[in-house]
Amino acid sequence: MHRWSMVWQRADLVQASVPAVLHGDAHNIGTSTSVMPKALCIFWFNLKGITVDGCLTQMFFLHAVSVMHSAVLVTMAFDRYIAICNPLRYATILTNARIAKLGLVGLIRAVVFVLPAPLLLSRQPFCANRIIPHTHCDHIAVAKMSCGDITVNRTYCLVILFVIMGLDLTLIALSYGLIIKAVLRISHKEAHQKALNTCTGHICVMLTSYTPLLFSSLTYEFGQGIAPHVHIILANLYFLIPPMLNPIIYGVKTKELRDKVVKYICRM
């Protein structure tokens, strides 16, 4: 029982790992960098054209960054598990080098799984009407412009969605299952609250990331009767909500940053 009481005594061990948070920030920057320049050109200068190669390149980076972000969320779930279940070894288990290796594995996985999608589309014949009803090159939206059979493309996209999301969500659920099991062994109510509070930021980030992604992907695959503007809004929300809310979530949950913001406001 003494082991679990150490969780709430060692407050320095329940903060999210800095490299893991930086990986999440890289996703926010990568997503915004891939979408915003072209979207601003459309709205500000009415420059709506894009080459096929440029479109496929943007598609690759968008989906690769999304898959990479899912891997980051798994890493952060593991980070929370170590912080709560094995706090005394946190610094030795989750070293910066080890987290960097996990990030590299996530990057390789993203490239391997996402690269076939634009390669398959590049071999498709496209019709005369090459208008994408989006501010970015979404995979299914581009595939629907093809005059050929896109069954393979749709199937591959759906399989990758369920394989990656299914695996990552399973690992996250396993981590939180072990966390809940460990928390229930703690006798101190204050320790209960502190242990669960350290997970709220990660849970909020998961909700802001997975919810719009799942709604956007599934409505494209199965929502044939849904109006086109709904598809567009859902797709744009996925690229808007996480980069906008994630820094706020981490800012509120990080004590050092919160204290600095309070001090800055008090000086005004």
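The values are calculated or read from the model by the stated rules, or taken from the named source; none is laboratory data. None of the values given here were measured: they were computed from a predicted structure. Note: ideal-geometry Cβ built from the backbone for every residue, glycine included; neighbour counts use all protein chains shown. All accessible areas refer to the heavy atoms of the entire protein, side chains included, with ligands and DNA or RNA removed. Shrake-Rupley method; radii C 1.70, N 1.55, O 1.52, S 1.80 Å.
Side notes on the structure shown:
- Check on H69, farther than 30 Å from I186 by Cα, open to solvent by less than 20 Å² (accessible area, probe 1.4 Å) and assigned to a helix (DSSP H, G or I): yes
Matching residues to (1) under 26 Å from L169 (Cα atoms); (2) touching a residue at least 12 places away in the same chain (Cβ under 8 Å):
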| site | (1), (2) |
| --- | --- |
| K38 | no, yes |
| I42 | no, yes |
| K48 | no, no |
| F61 | yes, yes |
| V67 | yes, yes |
| S70 | yes, yes |
| A77 | yes, yes |
| R80 | yes, yes |
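- The listed residue being under 26 Å from P133 (Cβ atoms), touching a helix residue (DSSP H, G or I) at 6+ places or on another chain (Cβ under 6 Å), at pLDDT below 75 and open to solvent by 30 Å² or more (accessible area, probe 1.4 Å), out of I241, I226: I226
- L102 being at negative phi and assigned to a helix (DSSP H, G or I): yes
- Test for S122: is it among the small types (G, A, S) and surrounded by 12 or more Cβ atoms within 10 Å (Cβ to Cβ): no
- Residue within the stretch 172-186 that is polar (S, T, N, Q) and open to solvent by 30 Å² or more (accessible area, probe 1.4 Å) present: no
- The single condition among (1) at pLDDT below 85; (2) open to solvent by 70 Å² or more (accessible area, probe 1.4 Å) that F61 does not satisfy is (1).
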